[in-house]
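Report on the following structure.
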Amino acid sequence: MDPDTMREDGGDVYWRRRMSVLVAVLVVVAVVAWACSSGGSGPERASSAQSSPSATPAPDPLLAGLRTLAMGTASPSPTPSPTKTTASARPKRPGEPCAEEDLVLSLQGGRDKVYAGGIPPSFIVTLVNTGPVMCKADVGPRAMEIRITSGADRIWSTADCVSGDGTDIKELQRGVPYVHTLSWDRRRSSTDCRSTPAYALPGTYVVTARLGKLRSTKGVFHLR
């Protein structure tokens, strides 16, 4: 064999051996570095795991934070509220007190009318039940009040100086109006029930009918 060829083959074998040793050293260094970074040697970790088989891994803080966020932002399912039966939803029975929303109160007379001296103004008050059944209402002078005013001055009222309890319960059939007619003697009234009330002076007056929260339209009239 050629000496030069033998020299080249021997050199290649030498460098291959050197490279094999270098790769083996690098592998050992990598294994040692991995063992150190994982918190200890393999045997120590294995013995620790064997000594505490019931140990649970530490919770992932990222997962715990996500679970807390999800529980805090989740909207609770709505709780159905119990159904309440109101008086208005319950079917009405005949003879029960009338509901104000079922009543229509109106007043006639006194609209821009002029009453000469000595003529008493007269008015007609009507109350109609628009409910489904017959109901009862107090149309006494206190409950269903007719009031006359002049500006801020309270001139006369049916609720003043009423004898007895002033209660007058009427049965109101559906659609059948209760009609009440009255006249005013042109004298003032007061709650102290003076024996000789003074006459109202000539001027402009307003009359209204009231029943609870119900109010009729205003009637304007004039005394001469």
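The values are calculated or read from the model by the stated rules, or taken from the named source; none is laboratory data. All of these numbers come straight from a predicted model, not from anything done at the bench. Backbone-built Cβ (ideal geometry, glycine too); neighbour counts: all protein chains shown.
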field: residue 130, sole failed condition from (1) in contact with a Ser or Thr (Cβ under 9 Å, 6 or more places away or on another chain); (2) at pLDDT 95 or above; (3) among the β-branched types (Val, Ile, Thr)
entry: (1)
task: Just one of (1) surrounded by 14 or more Cβ atoms within 10 Å (Cβ to Cβ); (2) part of a loop (DSSP other than H, G, I, E, B) trips up residue 209, so point out which.
output: (2)
task: Output the residue which, of all residues in region 123-156 that are surrounded by 15 or more Cβ atoms within 10 Å (Cβ to Cβ) and polar (S, T, N, Q), is farthest from residue 205 (Cα to Cα).
output: 129
